[in-house]
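The values are calculated or read from the model by the stated rules, or taken from the named source; none is laboratory data. These figures come from a predicted structure and were not determined experimentally. Every residue, glycine among them, receives a Cβ derived from its backbone with ideal geometry; neighbour counts consider all protein chains shown.
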Amino acid sequence: MLTHPTFAKLEALRLRGMLRALHDQQQTPECAGLSFEERLGLLIDREATERENQRMTARLKRARLRQEAAPEDVDFRHPRGLDRTKFLSLLSCDWIKSRDHLLITGPTGVGKTFLACALAQKACREGYTAYYTRTSRLLGELALARVEGTYVRRLTALSRVDLLVLDDWGLAPLTDEQRRDLWEVLDDRYDRRSNLVTSQLPVDHWYQALGDPTLADAILDRLVHNAHKLALQGESLRKQRQPQSAAPGTE
């Protein structure tokens, strides 16, 4: 049987997983003892696996995660109040399926961003779309989109993301326009998609930080009531990674 035309056709059809699997079968003598159906099944399985890997890679690229954080790398030994059982439960992504939210609070340096990115990565691996942004940057992008005439399109794109990660919530006072933009984003996503918010402020301080009582009520109503919470504490993890002082005479 001439296989080169088959290789060329598989390449032309972009069935590259099947092409590589067929090549591997030819290099594996044990495959000669398999039935046609078994060999075909292996080819299809390889193609399906490679396509899913490509889709996952694309989801991770679009997520723009700030850190290359993986759930397997989360450190449960550091005393920061991270409940191992609760975090592992969140890794199931059932809360995203249920369109719930997650609020991670705690002082600077305890790993809030890392945990958020690890959970977002797991969501991408489970087939969900995700998008990471610092809250201040998102509000700046929305202000620019309003000027450029792409505001509605930007809001629509944000509304379709399965998991929106808003990092560093509440770092600076908001203008009235920024509060309204934040409400627009959360209102579009309310009861449709999940949000993950990290903040140095405890949740019970968010109302005051938002500034305007009316908009604060509207924003928090769409975010807090159906949210899981991780309240971290303790010293900064960065202190453990500080380089040792140089020996005398080496500077």
Of the residues in segment 12-34 that are loosely packed, with under 12 Cβ neighbours inside 10 Å and among the charged types (D, E, K, R), the one that is farthest from ASN53 (Cα to Cα) is GLU30
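Where residues in segment 176-200 are assigned to a loop (DSSP other than H, G, I, E, B) and of a type outside the set (Phe, Trp, Tyr), which of them is surrounded by the most Cβ atoms within 10 Å (Cβ to Cβ)?
Step one: filter segment 176-200 for residues assigned to a loop (DSSP other than H, G, I, E, B), giving 190-193, 200.
Now narrow it down to the ones that are of a type outside the set (Phe, Trp, Tyr): 191-193, 200.
On the way: ASP191: 8, ARG192: 10, ARG193: 20, GLN200: 16.
Looking at residues that are assigned to a loop (DSSP other than H, G, I, E, B) and of a type outside the set (Phe, Trp, Tyr), I get ARG193.
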Here is a check on your reading of the model: is LEU220 without any contact (Cβ under 8 Å) to a residue 40 or more places away in the chain and surrounded by 14 or more Cβ atoms within 10 Å (Cβ to Cβ)?
yes
Would you check if there is a residue in segment 6-18 being under 30 Å from LEU166 (Cβ atoms), out of contact with any helix residue (DSSP H, G or I) (no Cβ under 9 Å at 6 or more places or on another chain) and without any contact (Cβ under 8 Å) to a residue 12 or more places away in the chain?
no
Of (1) under 13 Å from the mean Cα position of the chain (by Cα); (2) within 18 Å of ALA216 (Cβ to Cβ); (3) not basic (Lys, Arg), GLN178 fails just (1)
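I'd like to verify a number: residues in segment 1-11 that are closer than 18 Å to GLN54 by Cβ and surrounded by fewer than 13 Cβ atoms within 10 Å (Cβ to Cβ), how many?
Taking segment 1-11 first, the residues closer than 18 Å to GLN54 by Cβ are 10-11.
Keeping just the survivors that are surrounded by fewer than 13 Cβ atoms within 10 Å (Cβ to Cβ) gives 11.
Residues in segment 1-11 being closer than 18 Å to GLN54 by Cβ and surrounded by fewer than 13 Cβ atoms within 10 Å (Cβ to Cβ): 1 in total.
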Expected single match for within 21 Å of ILE219 (Cβ to Cβ) and assigned by TED's automatic domain parsing to the domain that holds ARG179 among ARG154, ARG125 is ARG154
Say we look at segment 193-239 and pick out the residues that are touching a Phe, Trp or Tyr at 6+ places or on another chain (Cβ under 8 Å) and polar (S, T, N, Q); which of these is farthest from VAL74 (Cα to Cα)?
SER194
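Residue-by-condition table, conditions (1) charged (D, E, K, R); (2) closer than 25 Å to ASP191 by Cβ:
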position: PHE76; (1), (2): no, no
position: PRO79; (1), (2): no, no
position: ARG84; (1), (2): yes, no
position: ALA120; (1), (2): no, yes
